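Where a number appears in this text, it was derived from the coordinates with a stated rule and is not lab data. As the structure is a prediction and not an experimental result, all values here were calculated from the model. Note: ideal-geometry Cβ built from the backbone for every residue, glycine included; neighbour counts use all protein chains shown.
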Ligand SMILES: NC(=O)c1ccc[n+]([C@@H]2O[C@H](COP(=O)([O-])OP(=O)(O)OC[C@H]3O[C@@H](n4cnc5c(N)ncnc54)[C@H](OP(=O)(O)O)[C@@H]3O)[C@@H](O)[C@H]2O)c1
């Protein structure tokens, strides 16, 4: 897939030490496990309040700080050859909630990376949502984060990954939907004809490792999926659930208007309570968007990575084995 970004020259220097952000989150943690198992040295950013989520590995060093603190970012990137930027805000009421992390945070990290003299490569974990920035504040912030990277990168050799929905052990947002599927109920949002791609977490982590080991062109923006052409429909998900869990599954279509009303109420509560909600009117527009299909072929061509886990297998790994 993509890319509407210019490609620059290749680089070939091997990577020994990788800086990772978002390592206390679902995706970042899986990436750190993948990289440390491959015996790469990893320096991972952790916010002070999240220290309890840190885990130990002989090749792993945690650096305390956050994306708004340039000194901690300088400590994070010191001595690294490459950065994998996974930290992201995924909940929020409006763009102001997402921007400090998803836009300004990218700029801060890129500047820190450029200042090292050692860090040459920058992998930015964006989202397929960035393809549809008009849908939500989250999508807009991920899109602007990509633009900021492009603008600020200078000589850094950067790559953007836009994963679709990522699922697997440790994931929390899709899990309730999949748990209900296992119990025989599939709740689906408004759009009748929606199609979507998915990717299992171990495949995404493997893709990052392949990127580190390959000579991708600079300035590429790639999508990833599990290799299912044209992705899945909600009926596909129902049928896969039926086969994997060996039971009947009933699909329950939740009207977009009802979802929108619940999301509006949730947003009002979040404004009153001062917390960052997941379900907002923007998230409902994302959920009801008919086309979240993407594919991995261009990324596979440049890195050699291939997805291993289709949805049926992923559900087995999550619930059956
Ligand atoms: N999950 C998906 O399906 C999916 C799909 C496509 C793209 N993505 C992207 O993948 C990235 C990771 O998502 P995830 O699902 O792993 O989310 P997650 O579990 O919520 O993890 C987010 C991570 O970012 C860190 N973080 C947030 N704000 C930060 C800040 N200001 N400074 C430093 N660290 C900060 C969090 O730290 P704390 O632990 O301290 O909160 C956490 O480690 C995000 O950029 C998201 O947009 C996710």
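Here are some notes:
- Degrees between helix 256-273 axis and first principal axis of the chain (Cα, 0 to 90, nearest 10): 50 degrees
- From largest to smallest, the equivalent ellipsoid semi-axes obtained for region 204-321 from the alpha-carbon gyration tensor read 32, 23, 14 Å.
- Relative contact order for region 67-226: 22 percent, from Cα pairs under 8 Å spaced at least 6 residues apart, divided by residue count.
- The value of relative contact order for the chain, using C-alpha pairs under 8 Å at least six residues apart, is 20 percent.
- Modelled label reach - residue 319, point 7 Å along Cα→Cβ, region 181-209 residues with backbone N closer than 19 Å: 181-189, 196-202
- Spacing of the modelled spin labels on residue 70 and residue 246, each 7 Å from Cα toward Cβ, amounts to 6.1 nm.
- This ranking places 300, 248 by how few other beta-carbon atoms lie within 10 Å of each, fewest first, which gives 248, 300.
- Two-site FRET efficiency, residue 94 against residue 235, from Cβ-Cβ distance with R₀ of 41 Å, rounded to 0.05: 0.75
- Of 258, 60, 315, 45, the sequence from fewest to most neighbouring Cβ atoms within 10 angstrom is 258, 60, 315, 45.
- Compared with the alpha-carbon gap, the fully stretched path from residue 51 to residue 213 is longer by 55.4 nm at 0.36 nm per residue.
- Which of 160, 31, 240 has the fewest Cβ neighbours within 10 Å, and the rest in rising order: 240, 160, 31
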